[in-house]
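Written below as structure tokens is the structure these notes are about.
The values are calculated or read from the model by the stated rules, or taken from the named source; none is laboratory data. All values derive from a computational prediction rather than experimental measurement. Cβ atoms come from the backbone with ideal geometry, glycine included; neighbour counts cover every protein chain shown. Just so you know, the surface numbers come from the protein's heavy atoms only, side chains and all, with ligands and any DNA or RNA stripped out. Shrake-Rupley method; radii C 1.70, N 1.55, O 1.52, S 1.80 Å.
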Amino acid sequence: MTDLARQVQRLERILEVTHELTSTVALEPLLYRIIHEAAELTDSESASILLLDPRTQQLRFQAATGSASRQLLDIPVPIDGSIAGRVLRDRQPEVVSDVHEEPDYYRTVAEKTGVETHSLAGVPLCIHERCIGVLEAINKREGLFSAEDVDMLSVLAAQAAVAIENARLVTELREAYQELEQLDHMKSDFIAIASHELRSPLGLILGYATSLQQDASPEAAKQLNVVIRAATRLRTIMETMLNLRYLERREIELSVTLLDLAAEVSDISELYRSVAETSGLHLVVDLPDEEVLISADRQRLRVVLENLISNALEFNSPGGTVELAVTREAEEVHIRVSDSGIGIAPEHHAHIFDRFYQVEDPMSRRHGGIGLGLSVVKELVQAHGGRTWVESTLGEGSTFHVVLPLDQPDAFQSTGVGAQPLG
């Protein structure tokens, strides 16, 4: 074979390996493919990859061919006092024809493995201005390492460095994702435990406060009303967080029944009418004269309606109006909850249903809430096969839309098992 033909063959191998390297993210098989190609391309007895350990600032064998490959993995190589360390430090390829004449030859490797090194060629594995390791070819079978060998190793090392770094990043990303999953699981468990522990004390506080209020003086009754409202608010936050946890884990089982939506909206609006009047707001309800029969989970539907109504009251302006309207449209029912309050800027529309999203600055906001109510609304509506969105103009109020199918498809009869009652 002529020198030109051999060079063409080598370049073809490099292209083939490059294609493989760019499509591989599993680090270990990637490293072993690199060293086998490095040994074959340079006609060497073995090859190895040493990567820099950022914690110890030592080189570590990550992969090696030959009989002592396993032993090598346990041997750290110092940057000062080794040929590989010099290649990394100087960022320059090196060819050593006789390592025994080299003062930086690190003899510990041969002493621990029993494998003798005579000659080597080493090239740095660099990405931009950062070197992550060294690729070495050990003991040329015939003759000495040539400039062509070094060129082949350098081309391979350039591609290998990028591939190794990509594989590392993918591994780190997977580990970060697993850690996030674990944290999310811990968060859900904490919510469940905290809610369970708070439920009984809150029930006692509300029960005793309500009982005492009946026989209390007007001034004491006023103070007890503050306690009741605060406890009720805390219970609402707790139940909202539980709702979200069950939705996240798909532990909600919809108990679908045939109900009159118009009657449900009328009933809930009466519950909030006194709240609206106390706040100086007008609550207007526009319902069809006839029944609006819909297949839905009554309890979850009430959670949706209560969140939307309380949100409209919370973000309204003094003397403003909250309007509830229900209309039947073909095989769907359309619920609108409008307010004449502060409105929402356009840049917030796409995120208003996101979990924990706050339109106001958390440090200076005037309105309460933890940013979960609307996310629960969205996910419960989706669990019923519906959709929701908002229309709003800053300073002119907002309208929240919920559209639900009249009949529940089989796919939405249940979103999971083992749910606890929500409310």
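Some notes on this structure:
- Theoretical FRET efficiency, 1/(1+(r/R0)^6), r = Cβ-Cβ of E181 and L287, R0 41 Å, to 0.05: 0.35
- With R₀ fixed at 30 Å, the C-beta to C-beta distance from Q214 to Q299 puts the FRET efficiency at about 0.55.
- Extension gain (nm, one decimal) between A230 and S255, 0.36 nm per residue minus Cα-Cα: 5.9 nm
- With both labels modelled 7 Å from their Cα along Cα-to-Cβ, the L198 to D53 distance reads 4.7 nm.
- Extending 7 Å from the Cα toward the beta-carbon at both R89 and A221 defines two label points whose distance is 8.7 nm.
- Protection proxy ranking of 137-149, 101-113, 159-171 - average other beta-carbon atoms within 10 Å, highest first: 159-171, 137-149, 101-113
- Each peptide in 85-91, 59-65 receives the mean, over its residues, of other Cβ atoms within 10 Å, and ordering these scores from highest gives 59-65, 85-91.
- Using the Cβ-Cβ distance between I127 and R70 with R0 = 25 Å, the FRET efficiency computed as 1/(1 + (r/R0)^6) comes to roughly 0.35.
- Residues whose amide H lies under 5 Å from that of E332, counting only those 5 or more places away or on a different chain, are L406; hydrogens are built 1.01 Å from N in the peptide plane.
- Accessible surface, per residue, of the range 109-210 when the full set of protein chains is kept, probe 1.4 Å, Å²: 58
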